[in-house]
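K.L.:
This is the structure I want to talk about, given as structure tokens.
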Amino acid sequence: MKQYFYTHPNTIVETPEIFVKNEATQNVGTVQRMYGNGVSRFFDRMMDYKYFVKYEAHIQDYDRAMCRKISRKGRVFYRAEIEGEKPFEIGYIGWRDLIPDLQITNGDTTMILHKEHEGWSNFEWQDTDYARWQAIFNEETNHFDIELQIETIAPIQNPAFYIAIAQTTLFIGG
């Protein structure tokens, strides 16, 4: 199992580049909220920083991954991309549930993200949990301590893929 750790400020207003560490506490990559231009940042501020959501992550030895929120015709979904691969569409399933799950698919591979507000949010593929993500608030530092774990059976081994999806869908949310 691979483990990755990072801390995120207790705000969605700031957009710093955040360093991701491995289990040996070495910096191995970054994650950052991105804006296409100043106009989208301005309008996002007007909409409580939850409309134009896009995170990019890069981990050494892996391709860059990106996940962004898309709102069209009253429908909210997400799109995750790994450089050179077919994009994944991410949508809510079980809207009537208090905490709906998310389906992640590119047409070939379909995964489920079991979203939790406290504790581990699990990524499932073929009825097996293969990755998990959690953010724990640290009152002393006023930051979230975030951990990602990926099992060797995961259909996608790129940690940037999971970090970008988790930051966009779980940390910021709908």
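The values are calculated or read from the model by the stated rules, or taken from the named source; none is laboratory data. Keep in mind it's a predicted model, so treat the numbers as computed, not measured. So basically every Cβ, Gly included, is an ideal-geometry build from the backbone, and we count neighbours across all protein chains shown. Ligands, DNA and RNA are stripped out before the accessible areas are found, and what is left, the full protein with its side chains, is counted by its heavy atoms. Shrake-Rupley method; radii C 1.70, N 1.55, O 1.52, S 1.80 Å.
K.L.:
Per residue, how many Å² of accessible area does the stretch 11-132 show with a 1.4 Å probe?
P.N.:
About 60 Å² of surface per residue is accessible.
K.L.:
7 Å from Cα along Cα→Cβ at both residue 40 and residue 85: what's the point-to-point distance in nm?
P.N.:
Computed distance between label sites residue 40 and residue 85 equals 2.2 nm.
K.L.:
Let me ask something else about it. Give me the percent relative contact order of the chain, please, defined on Cα pairs under 8 angstrom at least 6 residues apart.
P.N.:
For the chain, the relative contact order is 23 percent.
K.L.:
Using only the heavy atoms of the protein chains and a 1.4 Å probe, how would 88, 43, 52 rank by accessible area, largest first?
P.N.:
The ranking, largest first, comes out as 43, 52, 88.
K.L.:
Determine the sum of side-chain charges near residue 8: Lys and Arg each +1, Asp and Glu each -1, restricted to other residues whose C-beta is under 14 angstrom from that of residue 8.
P.N.:
-2
K.L.:
When the solvent-accessible surface of protein heavy atoms is calculated with a 1.4 angstrom probe, in what order do 11, 128, 152 fall, highest first?
P.N.:
152, 128, 11
K.L.:
222 nm [θ] for the chain, helices only, -39500 (n - 2.57) per DSSP H run of 4+, per residue, to 500?
P.N.:
Roughly -2500 deg cm²/dmol at 222 nm, from the helical runs in the chain.
K.L.:
Considering only protein heavy atoms and a 1.4 Å probe, what is the carbon-and-sulfur percentage of the accessible area of the chain?
P.N.:
47
K.L.:
Which sequence of 115, 21, 73 reflects their accessible areas, 1.4 Å probe, from the largest down?
P.N.:
Final ranking, largest accessible area leading: 73, 21, 115.
K.L.:
From the phi angles alone, apply the Karplus equation (6.51, -1.76, 1.60; θ = phi - 60°) to the stretch 59-68 and give each ³J(HN,Hα) in whole Hz, x where the residue is Gly or Pro.
P.N.:
Once rounded to whole Hz, the list reads 10, 3, 6, 10, 6, 5, 10, 9, 9, 9.
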